[in-house]
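K.L.:
Before anything else, here's the structure in question.
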Amino acid sequence: MEDDAGDGAASGGTKRKAPAASAAAKEKAAGKGKAATKAAAAWATAKESSLLKQKSPAEFFAENKNIAGFDNPGKSLYTTMRELVENALDSAESISELPDIEIIIEEITKSKFNTMIGLVDRERIDEELYDDFESAKAREKRLAKEARFQETQAKNAALGKKVKEAPAARVKGRGEAAFFRVTCKDNGRGMPHDDIPNMLGRVLSGTKYGLRQTRGKFGLGAKMALIWSKMSTGLPIEIKSSMKGQSFISFCRLDIDIHKNVPHVHLHEKRENKDRWHGAELQVIIEGNWTTHRSKILHYMRQMAVITPYAQFLFRFLSDSPDKNLTIRFARRTDVMPPIPLQTKHHPSAVDLLLIKRLISETTKQNLLQFLQHEFVNISKSHAERLIGEMGPDFSAKTTVKSLTSQQLVRIHQLFRQAKFDDPSGNCLSPAGEYNLRLGIIKELHPDLVATHASSPQVFEGHPFIVEAGISIGGKDVKHGLNIFRYANRIPLLFEQGADVITRTALKRINWSSYKINQQQDKIGVFVSIVSTKIPFKGTGKEYIGDDITEIASAVQSALKQCCLQLKSKIVKKLQARERQDRKRNLNRYIPDVARAVMETLGEIADESPPKRPRYDKEDEELLEKVNSQEVTEMTFRDCLTQHVEQVDYEMALEYAMQSGVSEEPREALYLNSLEGSYKFIDFQSPVFVFRFIP
C-alpha cells in the first residue's frame with residue numbers, strides 16, 4: 001500500500017511539474033525558430049547581394065544628379081537654362097545662322113501647379129504634423145527676442161548710434177516648393193521628326209560625340225533636365241521642331257523610362273508650319289529656386305553675350321508678382337561668326353589601348369599602313385613605314401589590321417607613347433576671335449580701356465588648344481579689383497572659381513603694379529577663353545580647369561601679360577595727356593599775373609626819357625610806342641599768352657593722337673546691319689575691325 005501510495009505521490013509530483021517543462025520546451029523551440037528565421041533572412045540577403053544588378057545610364061544620373069550640376073533646386077534651374085541655351089547656340093551655329101534665342105522662365109505657384117496636374121489643395125488639419133509648425137513656447141521665445149532687439153535699437157537711436165536692420169526671420173522647415181516653366185526657342189537646325197524621341201529621351205545618345213571642339217560631350221543636356229523634371233514634378237517635356245524647308249512642325253510630348261533608359265512618348269505628331277519657321281522650342285517644368293540663383297542666371301547671360309556678340313538673346317522672367325517680372329535684351333552687335341569646329345583625327349600620343357581597339361573595329365582600311373595613315377593625324381606614308389619597321393618582325397605594311405593580336409596592340413601603343421610626332425595644328429578649333437571678344441567686352445561693359453590677345457595654337461597631351469585673353473579698365477557694373485570672366489569652349493564658367501587656372505594666374509602670377517594698374521582700386525575685367533578638343537576639367541561638373549597642366553597655365557599667363565603690355569602703353573600715354581592738361585591748367589592760372597608784370601615793366605621802360613643812343617631794335621621801339629598809346633594793353637598780353645598755350649597744347653595732343661592711333665573725342669558705337677539677301681563675301685579680320693569685301 002505504501003509503495004502504491006509512494007508511486008502515486010511520485011506520479012502526482014511528476015504531473016505537477018509538467019507545465020513548467022512544457023513552457024521551457026516551447027521557449028527553446030521558439031528560440032530555435034527565431035534563429036532559423038534569422039539564418040534564412042541572412043541567407044536570402046547574401047543570395048540577393050550575390051546577384052548581379054545593372055543600372056541604366058538614366059538611373060545612374062538620376063541617383064547622382066550632382067554630377068550633371070543638379071545639386072539642389074536653385075542650381076538645377078540654372079543648369080537647365082544653361083544647357084538649353086548652349087544647345088540652341090550649337091544648333092544655330094551648325095548651319096551658320098546668326099543665333100536668335102528666346103529664354104522664358106515662368107514661375108508657377110504651388111496652387112497653380114496642383115491645378116495643372118489635377119490635384120485639389122487641402123487645408124491643414126493637424127498643424128503639428130508639419131515641419132514648419134511653431135509651438136506656443138517657441139513663438140513666445142521668438143517674440144521676446146524680437147522685443148529685446150527693438151528695445152536695443154531704440155536706445156541706440158536715442159544715443160545717436162548706428163541702428164541695425166532687423167534680421168530676417170528664419171523659417172523653419174524646407175519651405176514651399178517652387179516650380180518653373182523653362183522655355184527656350186531658337187532658329188537653328190531643328191531635329192528630324194523620327195529622331196526626336198531618342199535625341200531627348202535616351203541618356204548618352206547625341207550628335208556631339210567625336211573628336212572636335214564642342215560645348216557638350218556627355219550626351220546629357222536637355223535629357224538631364226527631363227530626368228530632373230520627372231523626379232521633381234513628374235511632368236513630361238514638350239518639343240516643337242522644324243528643319244529648313246519643312247512644311248510641318250514636329251510636336252512631341254515625352255518623358256523617360258529611367259530604369260530602361262528609353263523614351264516614353266505621350267504624343268508625337270506633325271503640325272502645319274505656316275510661317276516656315278525652322279529651329280526648336282523646348283519646354284520643361286521643374287522644381288527650382290529663382291531667389292538663390294537669380295544673380296548666377298543673369299551673370300551667365302551677360303557673360304554669354306560677351307563671348308557671342310553675334311547672337312541675340314531675349315531673356316524674360318514671368319511671375320504673378322509684377323514687381324518680380326524681368327525682361328532683358330542682349331542685342332547683336334556683329335554678324336561675324338566663328339567658323340564651325342571641324343572633327344579631327346586622334347593624335348598618336350593621345351590614344352590608349354581601348355581607343356586603338358575601337359578605331360580598328362570601326363576602320364574601313366584593310367592593312368596596317370593604311371590604318372596608320374588615315375586614322376591618325378601627322379602620320380605620313382614614310383613615317384608610317386618607319387613606325388612599322390620599328391614595331392618588329394611580326395609587323396609589315398600589309399598586315400591585316402583586324403588580325404592584330406592583343407600583344408601586337410600593346411606594342412603599337414607603347415611605340416606611340418615613345419615615338420616623336422609633330423604637334424597637331426589648331427585648324428580644327430573655333431575660337432571666338434579677338435575681334436568678337438573685344439567687341440563683346442565693349443558692348444557689355446563699356447570700359448575706358450580694353451586690350452585683347454589671341455595665342456597661337458599650342459598642345460597638351462596631344463590635344464591642340466588656343467587661349468584668348470582680354471583685359472578692360474573701368475566700365476559700368478564692374479566692381480573695384482579683379483573681375484574674372486572664365487570661358488571653356490565658349491561656355492561661361494561661374495562656379496568653383498578659386499581653384500581655376502585662370503583665377504590663380506590672374507591673382508598670383510601677374511604683377512599688376514608693374515603695368516601701372518592698381519589691383520585694389522581700379523575696375524579690372526579679366527577675360528580668358530580656352531578652346532580645345534579636350535578641356536581638362538576637374539570634377540564632373542565641368543566648372544573649372546585645373547592648375548596642374550603647365551602648358552595651359554603658361555599660355556594663360558603669357559596671354560594676360562600681352563594684354564597688360566598693351567594697356568601699359570595706353571595708360572602711360574593717358575598719364576602723359578593728363579600731365580599735359582595739368583601743365584596747361586597751371587599756365588592758364590599764371591597768365592594774368594605774367595601779363596600784368598610784363599605790362600608794368602614795359603610801361604616803366606616807355607616812361608623813361610629817350611636815350612641818346614638807341615638801345616632797342618625797331619620792333620621793340622614800335623612795341624613801346626604802342627604801349628604808350630595804349631594800343632597794347634594788359635588784355636592784349638593775356639590773349640596772346642592764352643593763344644600760345646592753346647597752340648602748344650593742340651600740337652602735343654595731335655602728336656599723342658598720332659602715336660596712340662586713337663581719338664580722345666567721345667565716340668558712338670557703330671554697327672551696320674548686313675545687306676539683305678544672300679551674297680558672297682570675304683572677311684579680312686583684325687583685332688579691332690573686320691573689312692568685308694563683296695565682289
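The values are calculated or read from the model by the stated rules, or taken from the named source; none is laboratory data. Note that the structure is predicted; figures quoted are calculated from it, not measured. All Cβ positions, glycine included, derive from the backbone under ideal geometry; neighbour counts span all protein chains shown. Side chains are part of the model used for accessible areas, which takes the heavy atoms of the whole protein and leaves out ligands, DNA and RNA. Shrake-Rupley method; radii C 1.70, N 1.55, O 1.52, S 1.80 Å.
K.L.:
On the basis of being closer than 22 Å to PHE460 by Cβ and assigned to a helix (DSSP H, G or I), does SER349 make the cut?
P.N.:
The answer is yes for SER349.
K.L.:
Moving to a separate point now. Look through LEU342, LEU368, LEU372, LEU354 and report the one residue that is more than 30 Å from TRP290 (Cβ to Cβ) and modelled with pLDDT under 90. Please lay out each step first, then the result.
P.N.:
Numbers: LEU368 fails: modelled with pLDDT under 90; LEU372 fails: modelled with pLDDT under 90; LEU354 fails: modelled with pLDDT under 90.
None of the other options fit; the residue is LEU342.
K.L.:
If I ask for residues that are closer than 18 Å to LEU220 by Cα and either in a strand (DSSP E or B) or open to solvent by 30 Å² or more (accessible area, probe 1.4 Å) (or both), which ones from the stretch 254-272 would you list?
P.N.:
Once the filter is applied, which keeps residues that are closer than 18 Å to LEU220 by Cα and either in a strand (DSSP E or B) or open to solvent by 30 Å² or more (accessible area, probe 1.4 Å) (or both), the stretch 254-272 yields LEU254, ASP255, ILE256, ASP257, HIS259, LYS260, VAL262, PRO263, HIS264.
Residue-wise test of (1) touching a Phe, Trp or Tyr at 6+ places or on another chain (Cβ under 8 Å); (2) assigned to a helix (DSSP H, G or I); (3) not hydroxyl-bearing (Ser, Thr, Tyr).
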site	(1), (2), (3)
LEU355	no, yes, yes
PHE371	no, yes, yes
ILE379	yes, no, yes
LEU387	no, yes, yes
PRO393	no, no, yes
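K.L.:
Which one of these does ASN114 not meet: (1) open to solvent by 40 Å² or more (accessible area, probe 1.4 Å); (2) more than 23 Å from ARG490 (Cβ to Cβ)?
P.N.:
(1)
K.L.:
Within the stretch 512-531, which residues are open to solvent by less than 10 Å² (accessible area, probe 1.4 Å) and not in a strand (DSSP E or B)?
P.N.:
Of the residues in the stretch 512-531, the ones open to solvent by less than 10 Å² (accessible area, probe 1.4 Å) are 512, 517, 524-531.
Those that are open to solvent by less than 10 Å² (accessible area, probe 1.4 Å) and not in a strand (DSSP E or B): TRP512, ILE517.
K.L.:
Report every pair of residues separated by at least 6 positions or lying on different chains whose Cβ atoms are under 9 Å apart, first residue within the stretch 555-575 and assigned by the TED database to the domain that holds TRP512 and under 15 Å from ILE524 (Cα atoms), second assigned to a helix (DSSP H, G or I) and of a type in the set (A, V, I, L, M).
P.N.:
Close Cβ pairs (under 9 Å, with a partner that is assigned to a helix (DSSP H, G or I) and of a type in the set (A, V, I, L, M)) amount to LEU560/ILE502; LEU560/ALA506.
K.L.:
Right, another one. Do we find that ILE530 is touching an Asp or Glu at 6+ places or on another chain (Cβ under 9 Å), modelled with pLDDT of 90 or more, more than 22 Å from ASN427 (Cβ to Cβ) and of a type in the set (A, V, I, L, M) in this structure?
P.N.:
no
K.L.:
Follow-up. Select from the stretch 396-411 the residues that are outside any helix (DSSP H, G or I) and within 17 Å of ALA384 (Cβ to Cβ) and list them in ascending order. Steps first, please.
P.N.:
Here is the first cut: in the stretch 396-411, the residues outside any helix (DSSP H, G or I) are 396-400, 404-405.
Once the filter is applied, which keeps residues that are outside any helix (DSSP H, G or I) and within 17 Å of ALA384 (Cβ to Cβ), the stretch 396-411 yields SER396, ALA397, LYS398, THR399, THR400, LEU404.
K.L.:
Next question. Confirm whether ASN66 is touching a residue at least 24 places away in the same chain (Cβ under 8 Å), surrounded by fewer than 19 Cβ atoms within 10 Å (Cβ to Cβ) and part of a helix (DSSP H, G or I).
P.N.:
It is true that ASN66 is touching a residue at least 24 places away in the same chain (Cβ under 8 Å), surrounded by fewer than 19 Cβ atoms within 10 Å (Cβ to Cβ) and part of a helix (DSSP H, G or I).
K.L.:
Here's a follow-up. On the given criteria, is GLU619 within 19 Å of MET652 (Cα to Cα), acidic (Asp, Glu) and at pLDDT below 80?
P.N.:
Answer is no for this residue.
K.L.:
Looking at the stretch 544-598, which of its residues are touching a Cys at 6+ places or on another chain (Cβ under 9 Å) and of a type outside the set (Gly, Ala, Ser)?
P.N.:
Within the stretch 544-598, none qualify.
K.L.:
Please work out which one of (1) open to solvent by 60 Å² or more (accessible area, probe 1.4 Å); (2) in a helix (DSSP H, G or I) is the condition VAL306 fails and give its number.
P.N.:
(1)
K.L.:
Now a separate question. May I ask you to verify whether LYS357 is under 30 Å from PHE416 (Cα atoms) and not acidic (Asp, Glu)?
P.N.:
For LYS357, the condition - under 30 Å from PHE416 (Cα atoms) and not acidic (Asp, Glu) - is met.
K.L.:
I need the full set of residues from the stretch 393-452 which are aromatic (Phe, Trp, Tyr) and touching a Lys or Arg at 6+ places or on another chain (Cβ under 9 Å), in order please.
P.N.:
The answer is PHE395, and nothing else.
K.L.:
What pairs come out if I take residues in the stretch 487-498 that are open to solvent by 10 Å² or more (accessible area, probe 1.4 Å) and pair them with residues that are β-branched (Val, Ile, Thr) and in a strand (DSSP E or B) whose C-beta lies under 6 Å away, six or more apart or interchain?
P.N.:
Within 6 Å, the pairs are ASN489/VAL531.
K.L.:
Let me ask something additional. State whether the residues of the stretch 84-92 include one that is part of a helix (DSSP H, G or I), in contact (Cβ under 8 Å) with a residue 12 or more places away in the chain and open to solvent by 50 Å² or more (accessible area, probe 1.4 Å).
P.N.:
Yes, the stretch 84-92 contains a residue that is part of a helix (DSSP H, G or I), in contact (Cβ under 8 Å) with a residue 12 or more places away in the chain and open to solvent by 50 Å² or more (accessible area, probe 1.4 Å).
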